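The values are calculated or read from the model by the stated rules, or taken from the named source; none is laboratory data. All of these numbers come straight from a predicted model, not from anything done at the bench. Neighbour counts run over all protein chains shown; Cβ positions are idealised from the backbone, glycine included.
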Amino acid sequence: MSTVRLRPGTSGSACPILCRATDVPFTRPVPGTIDRMVCSPAAPDTSAATWQMPWQIAPIGPASAAAGEQTIMSMVPGTGLVKGTSVALQSIGQPLPEVPGRNRTVDTCRAVVMSEAGKAGMKQVEAVSAGADKTDRKGDYFAPVLFRITYERPMMYEVREATMICVVSRKGAIVDAYMPADASTVTEWTALGHR
């Protein structure tokens, strides 16, 4: 499992499930405020300066091709030409499926991903809980978060969808965010929450 370490930041207010790139002033790192109509007055200090977005949610490129990812292009009514995996394209226009249970990592992890995706032409980021959070020995919360990111490209869009494990301190600062070793990690996580 590859992990990418993040520099801790400070806590802020929560954002709603969907925020648009135009709502956030993109600087490095993102300490700014977000439009009150869409998001809360202050986003968490994500301090994403040392974090690199995993290829699974980054724009489609050489890393996804090297990993053998298969992408297709499709004309989506009301949206236009869209490129992505068949799984990502199947869910366009529908809300992401949210797993019940408390997940205190979603808002902070979304803010970090928005910061990095904004540098790559992100149009919108959607994030929902993919399982209830758990607490580690240090008191940090960790949980799976499902992301769908839409990138604006010339005359088309790219859609990326993947689940990351996010780790957030009790104060709401990002500690870590990484891709699970395989999809069974998230499936098992969700199953454990229903027992």
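Summary table
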item: Cross-chain or 6+ apart pairs with Cβ under 6 Å, the range 53-68 first and under 18 Å from Leu146 (Cβ atoms), then in a helix (DSSP H, G or I); result: Met53/Glu116; Trp55/Ala63; Trp55/Ser64
item: Some residue of the range 93-104 being under 18 Å from Gln52 (Cα atoms), touching a helix residue (DSSP H, G or I) at 6+ places or on another chain (Cβ under 7 Å) and either at pLDDT below 95 or among the acidic types (Asp, Glu) (or both); result: no
item: Ile92 in contact with a Lys or Arg (Cβ under 8 Å, 6 or more places away or on another chain) and either without any contact (Cβ under 8 Å) to a residue 60 or more places away in the chain or not in a strand (DSSP E or B) (or both); result: no
item: Members of the range 69-83 that are outside any loop (DSSP other than H, G, I, E, B), touching a residue at least 40 places away in the same chain (Cβ under 8 Å) and at negative phi; result: Met73, Leu81, Val82, Lys83
item: Selected residue (only one of Thr22, Thr46 is at pLDDT below 50 and assigned to a helix (DSSP H, G or I)); result: Thr22
item: Flag for Val175 being at pLDDT 90 or above, among the hydrophobic types (A, V, I, L, M, F, W, C) and either surrounded by fewer than 19 Cβ atoms within 10 Å (Cβ to Cβ) or under 14 Å from the mean Cα position of the chain (by Cα) (or both); result: no
item: Residue that is farthest from Ser115 (Cα to Cα) [pool: residues in the range 133-163 that are surrounded by fewer than 19 Cβ atoms within 10 Å (Cβ to Cβ) and either hydroxyl-bearing (Ser, Thr, Tyr) or touching a residue at least 40 places away in the same chain (Cβ under 8 Å) (or both)]; result: Thr135
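Condition check ((1) at pLDDT 95 or above; (2) not small (Gly, Ala, Ser)) across all residues:
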residue	(1), (2)
Val112	no, yes
Ser115	no, no
Met122	yes, yes
Arg137	no, yes
